[in-house]
1. Which order do peptides 29-35, 116-122 fall in by mean Cβ count within 10 Å, highest first?
2. Hey, can you rank 39-48, 265-274, 183-192 by average C-beta count inside 10 Å, highest first?
3. How do the peptides 312-320, 198-206 rank, highest first, by the average count of neighbouring beta carbon atoms within 10 Å per residue?
4. If we count every other residue with Cβ under 14 angstrom of Thr174's Cβ, Lys/Arg +1 and Asp/Glu -1, where does the sum land?
5. Just name one of Thr360, Ile377, Thr400: the one whose Cα is farthest towards the positive end of the charge dipole of region 331-437 (beta-carbon charges, Lys/Arg +1, Asp/Glu -1).
6. Would you pull out the residues with amide H under 5 Å of Leu158's amide H, same chain only if 5 or more places away, H placed 1.01 Å from N?
7. Tell me the carbon and sulfur percent of the accessible area for the chain, rounded to whole percent, probe radius 1.4 Å.
8. Using Cβ-Cβ distances only, list the Cys residues of the chain with no partner cysteine under 4.7 Å, sorted by number.
Amino acid sequence: MTFASTRDPSDRVSFAAAVFRGLAPDGGLYHPVTETDLSGLISSFGPQTSFNEIAAELTCGLLGDELSRHESEAVVELAFSFGPRLEALSDSIELLELFHGPSCAFKDFGASFLAACMEHFLGHRDRHAIILTATSGDTGSAVAQAFYGRHNISVVILYPSGRVSPLQEKQLTTLGGNIAALEVRGSFDDCQRMVKEAFIDREVTRQLVLTSANSINLGRLLPQSFYYVWAATQWRAARRPPPVFCVPSGNFGNLTAGVLAWRWGMPVERFVATTNANDVVPEYLARGVFTPRPSVRTVSNAMDVGNPSNFERLSALFGGDVDAMRACIEGSVITDQETLATIERYHRSRDVFLDPHTATGVLAAERFRARRAETDIGVICLATAHPGKFLEVVEQATGTRPPLPPQLAAVLERRKQATVIESSSEALKGFLLDTFG
Ligand SMILES: *Cc1c(COP(=O)(O)O)cnc(C)c1O
């Protein structure tokens with residue numbers, strides 16, 4: 001399979017190259033350009049096929065010219081010590097729980113697979129790489145956990161001092177080992193600027209191999225298709241008609257991965273893309289115009305994205321044709337009030353805690369079902385984070401604190417280790433060259 005930039009189709013690269021480059025040099029995103037039919041493989045999976053088996057088969061099926069069967073299995077074993085779970089929420093709605101990994105959010109799947117691939121490719125060439133990333137909180141913790149202990153890779157995370165939550169700070173700063181946390185005396189924008197400047201600094205790039213692990217990386221996108229296929233397989237084994245997937249969306253990586261799985265042959269009825277007030281994609285589906293704008297703050301803040309970077313990939317998958325996209329995806333917009341009321345209602349009536357992102361998907365799933373009440377189509381709603389990760393919002397909605405997952409409770413006990421630096425490019429450059437030069 002080859003990959004090309006969404007902007008310049010002649011910029012064709014291997015998976016390994018796309019993984020280390022992250023963004024294409026023309027500013028586009030790498031996406032698969034080879035038509036691949038894996039429907040035979042997908043229909044050969046049964047109820048006993050484990051998530052890791054499905055992940056290894058798909059990795060080999062997609063990337064077989066770069067990763068042999070044996071290597072695919074090894075990468076998958078390295079990546080996934082955790083997996084997805086399906087839990088019934090009601091007769092017609094199931095939650096696909098994606099929060100059983102180390103940072104308790106679905107981003108663990110992408111980050112862990114990317115880390116395992118990088119370790120594999122670097123080991124081959126006997127090189128050392130540094131992942132340099134700025135975080136405002138959440139993505140940084142998934143990246144730190146995923147790369148912790150990986151050979152040939154060091155991670156440097158910049159975060160704005162005093163501007164991430166205490167729990168997030170602990171997740172970033174307590175690992176140690178190959179993970180260095182830099183507490184920047186400045187804002188998130190300062191952190192991002194410092195990272196960008198390091199990537200173009202001649203002296204730094206001459207001495208060090210710098211790479212990023214941000215959410216547009218192809219190595220994070222592809223593995224997100226694996227849990228859709230796993231869930232659809234369980235569904236088929238229970239003799240249910242192809243499901244609707246309801247996807248709480250921000251940057252639209254998760255939804256794009258589902259659409260890719262459908263393209264490769266996964267049976268699915270359709271997708272419902274759920275957003276909070278940051279609704280540029282539902283608006284595009286309704287009116288045919290894409291109008292990015294500054295994000296607004298909501299209670300489901302991991303979905304507060306005003307210019308979703310994966311839209312470019314999603315649109316490319318449908319050849320830029322909004323009608324083709326509408327035939328497969330519908331939009332659903334949920335307000336903060338509705339999100340809080342949904343969390344409250346499920347807690348009161350079913351004793352279930354939902355995190356604010358998952359809650360938007362659950363309400364959209366209920367609405368879909370209400371419109372198709374005469375059918376037996378079921379909805380699988382992606383549960384993107386553990387409710388304990390968003391304690392404050394869940395408590396605000398229910399009056400009760402959800403239990404903290406064990407991974408997060410353990411982190412709170414550990415000691416912070418961070419290096420405080422000024423918000424200047426020189427300070428970061430000095431740190432990088434002193435530490436790794
Ligand atoms: C990142 C995130 C989302 C949005 O996912 P995208 O792939 O960016 O659309 C939804 N929920 C949670 C909890 C997240 O962390």
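The values are calculated or read from the model by the stated rules, or taken from the named source; none is laboratory data. These figures come from a predicted structure and were not determined experimentally. Quick reminder, even Gly has a Cβ in these numbers, built from the backbone with ideal geometry, and neighbours come from all protein chains shown. Accessible surface areas use protein heavy atoms only, side chains included; no ligands, DNA or RNA. Shrake-Rupley method; radii C 1.70, N 1.55, O 1.52, S 1.80 Å.
1. Details: 29-35: 18.1, 116-122: 22.9.
The densest-packed peptide leads the list: 116-122, 29-35.
2. On the way: 39-48: 13.1, 265-274: 22.0, 183-192: 18.1.
Top of the packing list down: 265-274, 183-192, 39-48.
3. 312-320, 198-206
4. Values: positive: Lys170, Arg414, Arg415, Lys416; negative: Glu169, Glu183, Glu413.
Result for the neighbourhood of Thr174: +1.
5. Towards the positive end, the residue furthest out is Ile377.
6. Residues meeting the amide H criterion: Thr133, Ala134, Thr135, Leu182.
7. Numbers: 8340 of 17380 Å².
Carbon-and-sulfur percentage of accessible area, whole number: 48.
8. Cys60, Cys104, Cys117, Cys191, Cys328
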